Amino acid sequence: MVIERFATAAAQDPAQPLLTWYDDGTGDRTELSGATLDNWVSKTANLLVDGLGLGHGDRAALLLPPHWQTAAVLLGSWAAGVEIVTPGSQITNKKISADVIFASADQVADAEDWDAGERFVLGLAPMALPMRTVPSGFADYVAEVRTFGDNFAPYPNQTDDGLVRRAAARAADLGLNAGDRVLVDAAKHPDPLDWLLAPLAGGATLVLCGVLDPAKLDSRAAAEKVTTRLV
C-alpha cells in the first residue's frame with residue numbers, strides 16, 4: 001500500500017525532516033517532520049471519513065500543484081481508501097464527477113467543470129494560514145481539517161499495488177536510495193510519482209521547491225545536506 005510506504009518513512013525518525021518545502025517566489029520555507037506530516041495526513045483522512053462519510057469506491061478530485069499540503073491531501077485520501085482523480089487522468093469531454101474536490105485558489109474556476117459533492121479550496125499560504133476570503137461554494141481546507149483527529153488507522157487497500165510498483169520502479173530509474181535527501185524542482189517534476197511517491201518508495205526524504213531560484217540552488221543543497229538533485 002502507498003500509505004504503508006509513507007508510514008514506514010514517517011516512523012524511521014519521526015522528529016527529523018521528511019518533507020521540506022521551498023518557494024523562492026514568496027520566500028516560504030516549511031519543514032515537516034515525519035510526525036508532523038503524519039498528523040496532517042491523519043487529519044485529512046478523518047475529514048474524508050468522519051466529516052464526509054467517504055471511503056472505498058469514492059473519488060477525490062485534485063486540482064493542486066506540487067506542495068506539502070498537496071502531499072497531505074494525496075496521502076490522506078489513500079489512507080481513507082479514496083480514489084484520486086486529476087484532470088490529466090481523464091480522457092473524456094463529458095463533465096467529470098467526484099465526491100469531493102480539492103482545488104488551489106488559482107484553479108477554483110477550473111473546478112467549476114467538475115461535479116462534486118463537497119468542495120475545498122487550498123490557499124497554500126505560508127505557515128498554513130487560513131484564507132481571508134473563501135470563494136463561494138467552497139470550504140477552506142486548512143480551517144476545516146484542523147478540527148479533525150490527529151490519528152487514523154489506514155484502511156486496507158490492495159487497489160494501489162500497481163501504483164506502489166510504479167513508484168518503486170521510478171525510484172530505481174531516478175537512482176534514489178534509502179537515506180538520500182532529494183531536492184526536487186517541482187516545475188520540472190510536477191507528477192506526484194516523481195516528487196512524492198518515488199522518494200518515499202526509495203526511502204528518501206524530500207526538499208521540494210515550488211519556485212526554484214537557480215542562484216540559490218547550490219547554497220540550499222548544501223544547507224539541506226542534499227545528496228540527489230532532480231532539477
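Below, the figures for the structure above:
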read-out	value
Any chance ALA45 is surrounded by 23 or more Cβ atoms within 10 Å (Cβ to Cβ) and out of contact with any helix residue (DSSP H, G or I) (no Cβ under 7 Å at 6 or more places or on another chain)	no
Number of the condition not met by GLU118 [criteria: (1) over 28 Å from PRO199 (Cβ atoms); (2) surrounded by fewer than 18 Cβ atoms within 10 Å (Cβ to Cβ)]	(2)
Every residue from region 48-59 that is surrounded by 21 or more Cβ atoms within 10 Å (Cβ to Cβ) and either touching a Ser or Thr at 6+ places or on another chain (Cβ under 8 Å) or among the acidic types (Asp, Glu) (or both)	LEU48
Residue count for region 181-196, restricted to those that are in contact (Cβ under 8 Å) with a residue 24 or more places away in the chain and either open to solvent by 10 Å² or more (accessible area, probe 1.4 Å) or under 18 Å from ASP13 (Cβ atoms) (or both)	10
Residue ID - surrounded by the most Cβ atoms within 10 Å (Cβ to Cβ), chosen from residues in region 1-26 that are assigned to a loop (DSSP other than H, G, I, E, B) and in contact (Cβ under 8 Å) with a residue 24 or more places away in the chain	MET1
Some residue of region 81-104 being in contact with a Pro (Cβ under 7 Å, 6 or more places away or on another chain), open to solvent by 30 Å² or more (accessible area, probe 1.4 Å) and among the β-branched types (Val, Ile, Thr)	no
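The values are calculated or read from the model by the stated rules, or taken from the named source; none is laboratory data. Values in this document were obtained by computation on a predicted structure and should not be read as measured data. Glycine gets a Cβ as well: all are built from the backbone with ideal geometry, and neighbour counts include every protein chain shown. All accessible areas refer to the heavy atoms of the entire protein, side chains included, with ligands and DNA or RNA removed. Shrake-Rupley method; radii C 1.70, N 1.55, O 1.52, S 1.80 Å.
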